[in-house]
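Worksheet for the structure shown next.
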Amino acid sequence: MQNPQPSEISSTKTISSQPAQMVKSMIAAVAIAHLLNDLIQAILPAIYPMLKSNFQLNFTQIGLISLVYQVTASLLQPWIGFYTDKHPKPYLLPIGMGVTLIGIGGLAFAANFSMLLCSAALIGVGSSTFHPEASRVARMASGGKFGTAQSAFQVGGNSGSAIGPLLAAAIIIPNGQAATAWFMLFALLAIWVLYQVSKWTIQRKQAPMNAGIHKTQHKLQGKTLIRALLLIAILMLAKFIYIVSLSNYYTFYLMQKFDLSLKNAQFYLFGFLAAVAFGTFVGGPIGDKIGRKSVIIISFLAMAPFALILPYANLQWTLILSMISGLVMSSAFSAMVVYAQEAVPGRVGMIAGLMFGLMFGISGIAAAALGYLADHQGIEWVMQFCSYLPLLGVAALFLPKTQK
């Protein structure tokens with residue numbers, strides 16, 4: 001057999017080292033599925049005031065509902081990601097959405113507080129199977145533009161979170177708790193989309209994923225890796241306690257301080273969540289160009305002044321400042337997810353599960369704690385306390401680099 005010439009070897013290396021092309025249809029599919037998934041999840045906090053009235057709940061019980069949902073969503077995610085890194089289960093995506101479907105049905109017809117908790121837990125379990133697997137598909141289809149793909153995936157979820165309260169205000173609040181059952185249609189649509197995604201994943205599983213991209217990444221090891229992950233955890237803590245303070249209690253804050261109706265307060269919540277979605281969309285592509293660390297630093301430190309002023313603003317400026325805060329801070333999340341995946345290459349599912357799981361875990365514990373504080377200190381005190389959290393963003397200055 002004739003040995004290949006050097007020129008042939010060089011040509012072969014060039015071809016194999018070229019990055020794969022972004023599969024936009026799959027990124028769009030997982031983004032749409034994320035929109036539907038988070039739209040369903042968003043109706044739970046959106047109808048908290050109605051549930052509080054219907055079941056005579058206090059803020060602590062509202063916080064417990066959120067805790068049950070967030071904890072079930074968070075604890076399973078890293079384990080699912082860890083397992084499926086080694087043993088892929090593509091059909092887990094539509095199966096998990098089926099569990100969410102059951103949870104929505106339970107929420108619609110819950111007759112007591114215990115049934116509300118069970119329904120919240122089922123919705124959480126469905127979410128825990130969705131995020132690590134769908135995030136893996138987004139990275140698989142990214143063509144090396146990891147930040148852009150992660151942003152597109154995440155902005156789908158944030159868009160769903162923004163649309164959910166509007167649909168809740170239009171469908172559930174005027175017609176009562178049983179109208180929640182209409183949202184089962186969104187779950188059925190998501191099951192169909194995720195079934196198509198699963199089929200594509202099976203066809204693609206033998207193909208090389210994003211060849212040559214590793215050359216631009218710098219693997220972290222030992223104490224440097226521990227420091228990086230610890231700092232990311234601190235930043236996640238600051239970001240999501242702040243976000244959950246607005247997502248879960250913003251409507252109560254507006255109703256109490258400015259005497260808004262529930263319907264009008266929902267529109268203000270939509271403005272905040274829409275800004276969060278837009279910020280998430282912008283953060284990923286910028287991170288691909290200027291680096292993840294730079295985006296994380298800017299997003300935290302730039303929004304801190306706006307967050308500090310917000311609790312003392314009038315109604316008009318409250319809307320403006322909350323939207324600015326949500327937009328700027330949310331740009332960091334995609335960058336943090338990709339940063340951690342670059343720091344620990346080869347563990348895409350586990351890292352996605354840890355990041356999303358940490359997000360839900362922090363949000364759940366924070367929701368319960370903030371609900372307790374709201375009962376004892378007042379909702380305005382809670383908003384003032386949370387306004388200092390973005391200052392923890394100074395930790396981003398000490399992140400090691402993961403990109404050459």
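Computed values, structure above
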| item | result |
| --- | --- |
| Flag for residue 201 being in a helix (DSSP H, G or I), open to solvent by 10 Å² or more (accessible area, probe 1.4 Å) and closer than 18 Å to residue 22 by Cα | yes |
| Boolean, residue 62 is among the hydrophobic types (A, V, I, L, M, F, W, C), open to solvent by less than 10 Å² (accessible area, probe 1.4 Å), modelled with pLDDT under 85 and part of a helix (DSSP H, G or I) | yes |
| Qualifying positions in region 76-124 - small (Gly, Ala, Ser), free of Cβ contacts under 8 Å to residues at least 12 places away in the same chain and either over 22 Å from residue 177 (Cβ atoms) or not in a helix (DSSP H, G or I) (or both) | 111 |
| Members of region 360-401 found to be open to solvent by less than 10 Å² (accessible area, probe 1.4 Å) and not in a helix (DSSP H, G or I), listed by number | 387, 399 |
| The lone exception for residue 327 - which of (1) over 16 Å from the mean Cα position of the chain (by Cα); (2) open to solvent by 50 Å² or more (accessible area, probe 1.4 Å) it fails | (1) |
| Where a residue in region 21-35 is open to solvent by 60 Å² or more (accessible area, probe 1.4 Å) and its partner, wherever it lies, is modelled with pLDDT under 90 and of a type in the set (Gly, Ala, Ser), with Cβ under 7 Å and at least six apart | 21/143; 32/156 |
| Subset of region 263-311 [among the aromatic types (Phe, Trp, Tyr) and in contact (Cβ under 8 Å) with a residue 40 or more places away in the chain] | 267, 268, 270, 272, 278, 281, 300 |
| Of residues in region 102-121 being closer than 14 Å to residue 40 by Cβ and crowded, with 21+ Cβ neighbours inside 10 Å, the one nearest to the chain's Cα centre (by Cα) | 120 |
| Within region 139-195, considering residues that are closer than 22 Å to residue 340 by Cβ and of a type in the set (A, V, I, L, M), the one surrounded by the fewest Cβ atoms within 10 Å (Cβ to Cβ) | 140 |
| Some residue of region 42-55 being out of contact with any Lys or Arg (no Cβ under 9 Å at 6 or more places or on another chain), of a type in the set (Val, Ile, Thr) and not in a helix (DSSP H, G or I) | yes |
| Residue 144, sole failed condition from (1) in a helix (DSSP H, G or I); (2) more than 23 Å from residue 195 (Cα to Cα) | (1) |
| Unique match (being closer than 30 Å to residue 23 by Cβ, open to solvent by less than 10 Å² (accessible area, probe 1.4 Å) and at pLDDT below 85) among 212, 279 | 279 |
| Which listed residue, of 120, 149, is under 19 Å from residue 284 (Cβ atoms) and out of contact with any strand residue (DSSP E or B) (no Cβ under 7 Å at 6 or more places or on another chain) | 149 |
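The values are calculated or read from the model by the stated rules, or taken from the named source; none is laboratory data. Since we're looking at a predicted model, the values are computed, not measured. Ideal geometry is used to build each Cβ from the backbone, glycine not excepted, and the neighbour counts take in all protein chains shown. These area figures cover heavy atoms from the full protein model, side chains too; ligands, DNA and RNA do not enter into them. Shrake-Rupley method; radii C 1.70, N 1.55, O 1.52, S 1.80 Å.
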